Each structure stands twice: as structure tokens, then as C-alpha cells.
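One structure below.
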Amino acid sequence: MKKSLKKKFGWTVFRRGLFITVILFAQIAFLIALIIGSSRSFRYISWILNVLSIIVSVHILNKKEKAAYKLTWIFLIMTFPIFGGILYIIFYFQSNPRKLKRLIRRAQDQCGPFFSLAGNSLPSLAASLPEYLPQAHYLQRYAGFPIYTRTQAEYFPSGEAFFVRLLDELEKAERYIFMEFFILREGVMLDPILSIMERKARAGLDVRIIYDDLGCFLSLPPNFSRQLEARGIKCLVFNPFRPIFSSLQNNRDHRKIISIDGKTAFTGGMNLADEYINAIDRFGHWKDAAIMITGEAAWSLTLIFLQMWNLRRKEAAQYETFYPWHNSPCPVESDGFVQPYADSPIDDENVGEHVYIQIINSARKYVYINTPYLVVDDNLLSALTLAAKSGVDVRIITPHRWDKWMVAICSRSYYRQLVSAGVKVYEYTSGFNHSKTFVSDDRVATVGTTNLDFRSLYLHFECGVLLYNNKAVRSVKEDFLKTIPVSHEIALAECARNVFQKIIPDVLRIFAPLM
């Protein structure tokens, strides 16, 4: 029975993928036929489209956007002067980002005041950790994510440890369970989680889940949201995938959030699929990381979830009803400062990138970084190399076994520049390193969902938790140092040893923003 269900599901996914592929190629074929079909007027059409490409190129150059994206599109238009301009117009202007921007701005305006229900801890940080005041000030006053005390944090260096603790905490839920993930896949990890959620929903709790449609495109059946609703679990499928060329299809919900009663929350690199707890072997041992926060700061991740959930609701959401500390103050003891944050690709503020750059720039002794991908723009590359040249111990661990070979080649194209500047680059030899962590000077660390690549930094919805003088900072550092012995340090001699190894990565780096 189970085998036949898997077969049926596999066939459903195949048909869905085949249909979308056919639709996409049909659009390309129609575009080509439209331009070349009329052979008599092709010369005039070609001239018009070339002029259009020039106009589009000027527009791109003057657009407020990362230089790497401009370079990619200009290169494509120069390579395909007839098709390039019209392809850009179809890709960017058939969608309506203005509407989505309005919805997000409205949700942020409605939700914003409730982040500060726990009070203002910024003056306390300014008095005890003045060197980190600029970063905390930026996140609280400009990005809108306050800093909290009365919070404990626990770091999980593996999916297995995270999973055991998660099941235990879910059983304690009394009012609500909110979850938001990029990937869900039925199996050893997800099934018991959904069983608890279903049981809690039947007991009267408010149980909700958000998952990204493209992230789950090959892992869930098309009717999975209806299955969850039938089990009492409220479900939202984020940004349903459409078989059209559109820039909005790039904006995926890459966040991983679990909130339990607003008192306990989790985030980190892990999705809810079996490879994340090594129940199956995809790329060797799967190395990942997560953080659990208990106390006031958990409220911040709860609001970040509710912002996404209420994005398309016309009526104002009652955010304050979910606040857990109305009747009595939070009883959790303070352990340093904790500042959850989120990033959106729809605005012009690259919060995740700024958090990383500020950690690098404020480092005096060391910066240790875990990332599954290393495809960065000039800002991050300059910050990393300058820190190393200034005497800071900069180390980065990437995977040795990769899940995407093109991204792997592109990532390795940065090794020579980094290693030459004094950055120590390692590859995790036991398998795939999916952790996204920064730790510096035994005083500050962040654990979250943002990879060091263009998609995470500029195209996806992301989140993370910033820790100052918290015990978990040392745990992040210890995990990194324990990973070094099972990683291979990249020597300069290994970086692009021949012309072929230099040319291919250099070409791929032109298309890095698309990876």
C-alpha cells in the first residue's frame, strides 16, 4: 500500500513538473516565433529590439540594485542583443512587485509596535557592550527588531539534538504552535511532528504551518495543504509557483521558525526532512545547526511568523492577543542580550548582509563562519579580506560534498582571493555542511537561515538570532572548533591550478546572482 502511494505521488510530481516545463518552453518558443516568424519584417523587428535592449541596459545601469545583478543582465543582453531586452521586460514587468511591497509594508506597520511590548533593552546594551551598540541600534531603530534580555538560548550542533528537543517542547504547548519552513518532506522527522500538531489542534490549540511552494515542489503532493487542513492544522502555501517567467518566483520563503506559545522559539538551518537528522544519507553526514530561545525574545520570532501569515489579510490582525506576558512579567532570567531579526527581498534593506558585515567589521580577534555556499558580492568579499589582512583570524567552513555542483564550482572560485588575503577556508570532509553561523571574539554570534549566497542575501525571506554575551556564543564557537579536525584546509596551491580551472569558475561567477 505504502509503495503504491509513493509511486502515485512520484507520478503526480512528474506530471506537475512536466506540465510546468512544457509551459515554460512554450513561452520561449512563442517569443522566438514572434520575432523570427515574419521574415520580411525581421530586419525592422531586429532593429527595434536592439534599440529596446539599449534602453533596457540604461535602465539597469541606473537601477538601485546590486552591481552583480546589473553585470549579469548586461552580459546577457550583450550576448543576446535581440532577445535580452525583451526577456528582461517579461521577467520583471509581468509580475506586480508593487502590490507585494504594499502588502508587506502594511503588515510591518500593523505589527511593528508589538515588538516592543517587552520594553526597551537597548540602553542596557549600550552601557555594558558599547562596541556592539551600532549593530543593535541598526536592527532595533532602523530595521525594527528590538533587543531583549530575560531570555535563555540553547544551541544545537546537529539535527538529531534539535529534533529530540523539539518533540519535547511541542508536547508542552498550551495555546498555539506556529511553524514556517522552506522544505517539508514526509518521513521519520516530519511525521511525528505532524502527529503532535494534529493532537494539539484537536485539543483546541491554534496550530498553523507555512511552507514554501517551490521549496516543497518535489517533496510534497500538490494537495498536501488540504491534507493538513483536514487534520485540523491551518496551512498557508507561500508564493505558489506559476509556470511563467517572473521575478517574484525568485522570492522564496527560506525561513525556519517554530513558535510555541510565544514563550519558546526555534530557528536555524534545518528543514523538516529526514536528511537533516541523518535518517537518510544524501551527501554523507549532514552537519547543521539550530538555536532555541526561551523568554522575551521568542515573542519576536512569533511576530515575524504572524507578519507572513497575515500578509494577505484585509482586516487588522490582533497581534497582541498572542503575547504571553500580559498578566505577569516574563520569569526567565537574563543571559546577555538576544536580538532576533528577519530579512525581506521586497524592500531595499539587506538586513542579513548587514548583520554579517557588522560582525566582520567589529571583530578584533576572530570571526568563524559556517556556510553551505560561498557566493558573495564585493561588499562581503572586501569585508572578509580586509579583516584577515588586518590580523583578524578569519575562518570559513564550507562543504566538501555539495548538493549543487555549479554552486560548488562557483563557491570554489572565491577560494584563491580569500586564501591569498589570509582567510582560512576549510571543507567539511564528512559530508554536507548546511550550518549558517557566525561567531566572533567570544562575545557575539548569530544562528539563522541566511546562506552566504545571492539568493539568501538578496532574494529570499530569511531570519536569524543575534546573541551578545550569551552562553550560547561559546557553544557556537566550540562547535566550529570541533568541526575543524574533520575538515580539510584549502591551500593556495589547490586554488585554480590550471587555465581550465580558472576560466570555468570565472564564467560561472558572471551568473552567480542567479545561483
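What follows is calculated from the coordinates using simple rules that are stated; it is not laboratory data. Because the structure is a prediction, the values reported are computed rather than measured. Reconstructed Cβ throughout: ideal geometry from the backbone, glycine too, with neighbour counts over all protein chains shown.
Here are the numbers for this structure:
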| read-out | value |
| --- | --- |
| 3J(HN,Hα) from dihedral phi, the range 196-210, Karplus parametrisation 6.51/-1.76/1.60, rounded to Hz, x for glycine, proline | 5, 4, 5, 5, 5, 5, 5, 7, x, 6, 8, 10, 9, 9, 10 |
| Three-way shape call for the range 167-225 based on the alpha-carbon gyration tensor, with the a/c threshold at 1.5 | prolate |
| For peptides 420-428, 457-465, sequence by mean Cβ density within 10 Å, most packed first | 457-465, 420-428 |
| Residues with amide H under 5 Å from that of residue 145, placed H, sequence gap 5 or more | 140 |
| Which of 299, 405 has the fewest Cβ neighbours within 10 Å, and the rest in rising order | 405, 299 |
| Dipole of the range 99-188, positive direction: furthest Cα of 136, 170, 157, with charges on the beta-carbon | 136 |
| Charge context of residue 274, other residues only, Cβ under 13 angstrom, K/R +1, D/E -1 | -4 |
| Set of aspartates and glutamates near residue 234 by C-alpha distance (under 17 Å), chain-local residues within fewer than 8 positions excluded | 174, 180, 191, 198, 206, 212, 213, 261 |
| Whole-Hz couplings from phi, Karplus 6.51/-1.76/1.60, listed for the range 318-324; x for Gly and Pro | 8, 4, 5, 5, 8, 5, x |
| Residue-count net charge about residue 98 - beta-carbon cut-off 13 Å; Lys, Arg +1, Asp, Glu -1 | +4 |
| For residue 235, residues with placed amide H under 5 Å, excluding near neighbours | 209 |
| Burial ordering of 73, 325, 47, 286, fewest other beta-carbon atoms within 10 Å first | 47, 325, 73, 286 |
| Too-long pairs where the Cα-Cα distance tops 18 Å, listed order kept, from 389/471; 424/477; 172/471; 172/263 | 389/471; 172/471 |
